[in-house]
Every structure is written in structure tokens, then in C-alpha cells.
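Following: one structure in C-alpha cells, then a few remarks.
Nothing in this text is a laboratory measurement; each read-out follows from the coordinates by a stated rule. Keep in mind that this is a model prediction, so the values were computed, not measured. Positions of Cβ are backbone-derived with ideal geometry, glycine not excepted, and every protein chain shown enters the neighbour counts.
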Amino acid sequence: MIQKLFSLLLILAVTVACGEKETTKPSDFPELEDGQMMLVCSEGNYRWGNAEAGLVNLRSGKEEWKAFSRKNNRPLGDVLQSAAFWDGLLWLVVNNSGRLEGLDVADFSLKKTITGFTSPRFLYPVSSEKAYVSDLYASGISILKRGENKPSGRIDVPGWTEEMLLLKGRIWVVCREREYLLGIDPTSDRISDTLFLPGKARSICAGPNGKIWVSFEEGSETAPGILLLNPETKAIEQNWYNENRDAVPDRLVSGINGDTLYFLNKGLCRFAQGNFFRYPLEAGNWYGLGLDPIRKELWISDVKDYQQQSRILRLDAAGNKIQEFQGGFISSRFYFW
């Protein structure tokens, strides 16, 4: 009996010791440092529930491509469309799951979930107290108020809405099924202006001196292309048309001053001061694009056949490859802080 008791105590001591060793083991999760972080949104396959948010610490090089599920011990959901910072949290917009997940930027832990959407696409902060959420199917933009767990109102719009941009006192909204951008007055939450385009709107980003870069699909009289629009005069100040009509320019991102535009058009392209340049990039199904504003580096994803993990390239401003990663499924958007 004494021998059995001694053996039991020995096993218990070893178990406790192992447990202590496990809990004190240094974590290999990337340290979240301001000015050093990149978030990668991997959409995942529609209805597969394999969306994921990845993290890379650009100083240490430490990476974690399943950061959300690993940190929060549950799957993120179905189709991670985009991300945004608002109300002190990093928000992940999970499109087909119809919800927003708010994360602590210090440790990536889940702090808040907002539901009540049809098919959310992008969250855009209007102020510290209010944000808009565009939607694929709702024919409306949801209005979020700080501290609430569901939308407090909506702005009726015609059909599918996507990216948004605040310029000259208006929130400019991409209407993917219409040949225009809508301007919303963020004070009254009402449509107040329209910028007409040659074809259906696709993507927008900030241009120089308060202007708007916008890409559009093929129209009745024009090829797909890109415009630099002045929202005050509604004048076209620069343009580029894809005369081959083989692709629609997408994933627009611009430099700090807005005068250099990067985008995808069956490969990585640049447009600046009226000059178009196509990077001599290797073959790939190029789908996602991001620009690190601090390091002035480009990030681009090759989603292959959409059923394999993405290949992600880190490039310098000249397009030379610095590094290559294996990301999540259908890696599409990159965010830096």
C-alpha cells in the first residue's frame, strides 16, 4: 500500500511539474508591436468556414497564419472580407457569417462581436462615435454607433456596396452594380452627391490633394480603366484605359501622397503622372495587394487554384522579391500598423 501511494505521489508530482513547464514555456505567437505589424485577411472558400486572419511581425519576422483561431480557440467563420480599426479595436468583417469581430490590438483576443447584417463587406470609421458598413445584398449601408452590438440605422442605396472613402466632407461609396460613386453626408447620413463613371465602379483609394482614384468595368463606349477624379469639380484629371479589355483594374492602393497608384490587372501595375508600368512579375493567379506605407514595400498574393494555401510575396518598390510566405486560403488584403 505504501509503495502504491509513493508511486501515485510521484506520478502526480511529475504531472504538476510538466504542467508548470508547459504554462511557462515562451509563446511563439508574434509579439504585437506598433509600427511593426501586418495583418493578412485570408477569405477562405465560400461555405467552407476556413477564413483566417494571419499576423506577421515585420521586425522579428515571426509569423502566424492562423492567428485568430489559435488565439481565440475557435474558427473565425466564413469569408473574411476586410478589416478596419475603429473604437479602439481591430475589426474583422466576416462576410458570409454576417458579423464583425472586434479584437484587442495588444494581444489579438476577441473583445466584441456585432451581428445584424445581411452580408457585410467593409467597415469605414466616420468618426470616433460612428461607422458605416457596406453590404453585398442588403441594398443599404448599416450605421454603427459606438458601444452598440448591432446596427442602429441604415442608409438605403441601390444594390451592392463595397469600399468607402472620406474626402471633402463626403463618404464616397463604391456601388458595384452602378456606373457611379455615391457621396454620403456623414452628418445627416443621407446621399448628397454622385460621381458618374464610364463603367460600373470596382475599387477606390485616396489620390493626391483630396482627389479620388477609382477603377471601373468596361462600359458601353469604353474599356475598363482608372480615373483620378476631383470630387469638387467632378473633373477627370488623369485616366488610363485597358485597351485589351482582358481584365478590370482592382485592389487599388496609393502611396502616402496619393500620387502613385498600384493595382492588379492580370499582374502588378503602377500608374503615376500619367505613365503606366507593368511589373515583370512571375506567373501567378494574383489576387490580393497591399502597400506598407512605412517601408514602402508591396505585398501580393497568388491564390493558385483557390483550393490551396496562397503564396505571398514581399516586394521592394521596384518589384524585386524580398521574401516569400505560405499564407491562408485565398489571401486577399493586407493591413499595417
Quiz item: In the neighborhood of Ile191, defined by Cβ-to-Cβ distances under 11 Å, what is the net charge if each Lys or Arg adds +1 and each Asp or Glu adds -1?
Solution: -2
Quiz item: Too long at a 29 Å Cα-Cα cut-off: which of Lys62/Lys145; Lys145/Lys234; Lys200/Lys266; Lys71/Lys168; Lys62/Lys130?
Solution: Lys62/Lys145; Lys145/Lys234; Lys71/Lys168; Lys62/Lys130
Quiz prompt | Average Cα contact separation per residue, the chain, under 8 Å, 6 or more apart, as relative contact order % | solution = 11
Quiz prompt | Structure-derived semi-axes √(5λ) of the Cα gyration tensor in Å - corresponding label in (i) 28, 24, 19; (ii) 41, 24, 17; (iii) 39, 21, 19 | solution = (ii)
Quiz item: When the dipole is taken about the Cα centre of the chain, and only Lys, Arg (+1) and Asp, Glu (-1) are charged at their Cβ, what size is it in debye, to the nearest 20?
Solution: 560
Quiz item: In whole percent, what relative contact order does the range 204-252 give with Cα contacts below 8 Å and a gap of six or more residues?
Solution: 34
Quiz item: Under the classification rounded if a/c is under 1.5, otherwise prolate if a/b is larger than b/c and oblate if not, where does the range 168-208 fall, given a ≥ b ≥ c as square roots of the Cα gyration tensor eigenvalues?
Solution: oblate
Quiz prompt | Size of charge dipole - the range 110-233 - debye, nearest 20, with Cβ of Lys, Arg +1 and Asp, Glu -1, no other charges | solution = 600
Quiz item: Most mobile of Arg251, Arg311, Arg146 per a Gaussian network model of the chain (Cα springs, under 10 Å)?
Solution: Arg146
Quiz item: What number comes out for the charge environment of Ala223, summing +1 per Lys or Arg and -1 per Asp or Glu over other residues with Cβ under 11 Å away?
Solution: -4
Quiz item: In whole Å, what is the distance between the alpha-carbon centres of the range 234-308 and the range 36-100?
Solution: 23
Quiz item: Between Thr118 and Ser27, 0.36 nm times their residue separation minus their Cα-Cα distance comes to what?
Solution: 29.0 nm
Quiz item: What number, rounded to the nearest 500 deg cm²/dmol, is the helix-based mean residue ellipticity at 222 nm of the chain, given -39500 (n - 2.57) per DSSP H run of at least four residues and division by all its residues?
Solution: -3000 deg cm²/dmol
Quiz item: Going by alpha carbons, how many degrees (0 to 90, nearest 10) lie between the helix axis of 2-24 and the longest principal axis of the chain?
Solution: 20
Quiz item: Let a ≥ b ≥ c be the square roots of the eigenvalues of the Cα gyration tensor of the range 176-231; is it rounded (a/c under 1.5), or, if not, prolate (a/b larger than b/c) or oblate?
Solution: oblate
Self-check item: Listed residues Ser142, Ser127, Ser42, most fluctuating in the chain (Gaussian network, C-alpha, under 10 Å)
Solution: Ser127
